[in-house]
1. State the extension gain, in nm to one decimal, for the chain segment bounded by ASN268 and LYS245, taking 0.36 nm per residue of separation less the distance between their alpha-carbons.
2. Tell me the angle of helix 421-450 to the major Cα principal axis of the chain, expressed in degrees between 0 and 90 and rounded to the nearest ten.
3. Add -39500 (n - 2.57) for each DSSP H run of 4 or more in the chain, then divide by its residues: what number comes out at 222 nm, to the nearest 500 deg cm²/dmol?
4. Measure nothing fancy, just the Cα-based angle from helix 354-377's long axis to the longest principal axis of the chain, in degrees from 0 to 90, nearest 10.
5. Whole-Hz Karplus ³J(HN,Hα) for the stretch 131-139, in order, using 6.51 cos²θ - 1.76 cosθ + 1.60 and θ = phi - 60°, x for Gly and Pro?
6. Take the Cα gyration tensor of the stretch 27-226, multiply each eigenvalue by 5, square-root it, and list the three semi-axes largest first, rounded to whole angstrom.
7. Just how large is the dipole of the chain about the Cα centre, in debye to the nearest 20, putting +1 at every Lys and Arg Cβ and -1 at every Asp and Glu Cβ?
8. Can you give the direction-averaged projected area of the convex hull of the alpha-carbon atoms in the stretch 195-306, in nm²?
Amino acid sequence: MPKEYMDEYEPLLKKGTKDKKHLKLPNISLLLAVFAACVGGTFQYGYNISVINAPTMYVQSFINRTWMERYQTNISQEGLTLLWSTIVSMFTLGGLIGASLGGTLSVKLGRRGTLLTNNAFSLMAALLMGISSTAGSFELLIIGRLLSGINAGIALCVQPLYLGEIAPTALRGATGMGTSVFITGGILTGQVMGLKEILGKEEYWPILLSTTCIPAFMQLLILPWFPESPRFLLIDKGDEDGCKKALRQLHGLADSDGALEDIEKERNNLVGFQAKKPWELFGDRSLRWQLLTIILLNTAQQLNGINAIYFYADYVFRQSGIPIDKIPYATVGTGACECLTALTCGMLIECLGRKVLIMGGYILMSICSVFFTLTLTFQDVSPVFPYLSMACVFAFILSFGLGPGGVTNILTTELFTQTARPAAFIIAGSVNWLSFFFISLVFPFIVIGLQQYCFLVFLGVCTSVATYIFFFIPETKNKTFVEIQNEFQSSKKNKFSSSDGAGTILLSTSI
């Protein structure tokens with residue numbers, strides 16, 4: 001690297017070393033800001049994924065009853081399945097729409113402003129789903145699920161962006177794990193709320209679906225007390241006083257000066273650059289490997305077999321002798337398992353680093369895929385195998401939560417600088433939702449064709465991704481965004497340098 005660039009980044013390198021030696025606990029204001037952002041953000045995503053499962057039979061009965069009242073005939077089984085599938089899949093379509101809007105809104109309204117505005121979709125969805133039974137309209141459920149999906153898509157795009165930009169460098173990974181912790185917390189809460197002892201009875205299903213308004217109200221009450229992203233204020237808006245005030249509130253008076261120095265360094269490297277559009281990232285040679293990385297990781301997050309594990313969970317629980325009426329409680333156990341693993345990952349990420357956790361997670365998932373295939377194959381050979389299959393279910397969920405489930409969004413935040421980050425989240429979110437839709441569409445046919453051997457497909461996915469991570473993704477722990485960008489490019493230039501040398505030293509040509 002040329003000496004002038006070494007001189008430029010030397011203060012940042014020294015500061016990164018200092019941060020490693022003096023890891024401090026987060027400011028209480030920072031923790032509350034993370035809670036406020038997550039409770040109305042990715043918590044909603046997890047909650048709306050799981051809460052729809054409990055009232056399945058009741059909603060289908062409502063559709064049939066409504067159809068009879070309108071047309072004086074029972075709906076066909078194919079028609080009922082189509083309507084129910086539409087209600088469920090609208091969430092995915094809404095998520096894709098939300099992901100495509102999130103990055104743009106985060107530039108226009110700010111990160112915090114977008115999260116607050118996003119609650120309008122959640123509140124409208126809760127209202128429509130809550131009155132659907134009284135109004136005798138299953139169409140309101142379809143629209144409500146679409147709006148819930150838009151809310152989740154925007155949240156998954158903007159919330160990690162906000163968390164990554166408000167956190168100190170030394171705590172960015174742990175703070176970013178709030179996304180995963182609250183997704184799994186939302187899934188677990190949705191499973192618990194759907195139990196018969198709470199809101200799982202037939203007469204309560206409209207109330208159950210409308211409870212999505214509660215986290216929205218909580219965010220609207222709490223988040224306004226906390227500042228906008230300091231990076232957004234200084235780099236995007238040029239509001240230096242607002243940035244300093246935000247840093248003092250989030251980091252404390254003692255640490256705000258160092259954080260301001262980091263942000264100013266990044267701003268100086270971005271002078272003359274404006275927020276990029278998603279299609280501009282594809283044409284930027286200096287970002288091609290970062291872009292390939294987030295596309296690969298977000299695709300793998302949906303295609304790694306975690307959805308298949310949940311699909312097989314009920315079958316495995318039945319084979320293990322768990323009564324059918326007790327299976328919902330076992331399912332709550334899987335949600336609690338994933339939530340606890342996300343919390344564990346949050347505590348380990350600043351010690352072990354991102355690369356070790358995500359690569360280790362995929363390696364463990366590969367091993368679990370092999371053992372799960374074997375235990376399912378020999379399910380009837382011995383009464384021991386159903387219990388081994390159950391152990392594989394929990395081991396796979398633990399492995400997913402330990403790495404891919406939590407680290408993927410953090411890397412999407414860290415591999416890009418301020419001008420490219422919103423566009424990167426649009427791309428990552430769109431890929432994630434499209435992969436979600438793809439696996440939902442194709443997975444039933446994979447199961448029919450390959451049965452338990454479908455996990456050999458997921459074995460190939462997990463092994464390939466782990467190999468890519470090992471060779472091509474640098475560790476980002478305790479590094480500023482500028483350092484990460486420079487290291488990412490430097491590690492590739494010897495292998496993939498272009499003939500004209502463009503893009504080989506990050507920030508010397510383009511961001």
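The values are calculated or read from the model by the stated rules, or taken from the named source; none is laboratory data. Note that the coordinates shown come from a computational prediction; the quantities given were computed from them, not determined experimentally. Cβ sites come from the backbone with ideal geometry, for glycine too, and all protein chains shown count toward neighbours. Accessible surface areas use protein heavy atoms only, side chains included; no ligands, DNA or RNA. Shrake-Rupley method; radii C 1.70, N 1.55, O 1.52, S 1.80 Å.
1. On the way: separation 23, 0.36 × 23 = 8.28 nm, distance 2.02 nm.
Working it through step by step, the gained length comes to 6.3 nm.
2. The helix 421-450 is inclined about 30 degrees to the chain.
3. Working: 23 runs with 387 residues, N = 511.
Estimated from H runs of four or more residues: -25500 deg cm²/dmol.
4. 20 degrees
5. Each residue's phi maps through the Karplus curve to give 9, 4, 5, 5, 7, x, 9, 6, 4 Hz.
6. Numbers: eigenvalues 228, 54, 35 Å².
Over the Cα atoms of the stretch 27-226, the ellipsoid semi-axes are 34, 16, 13 Å.
7. Numbers: 37 positive and 35 negative charges, 79 e Å.
Here the chain has a charge dipole of around 380 debye.
8. Working: hull surface 50.2 nm².
Across all orientations, the stretch 195-306 yields a mean hull projection of 12.6 nm².
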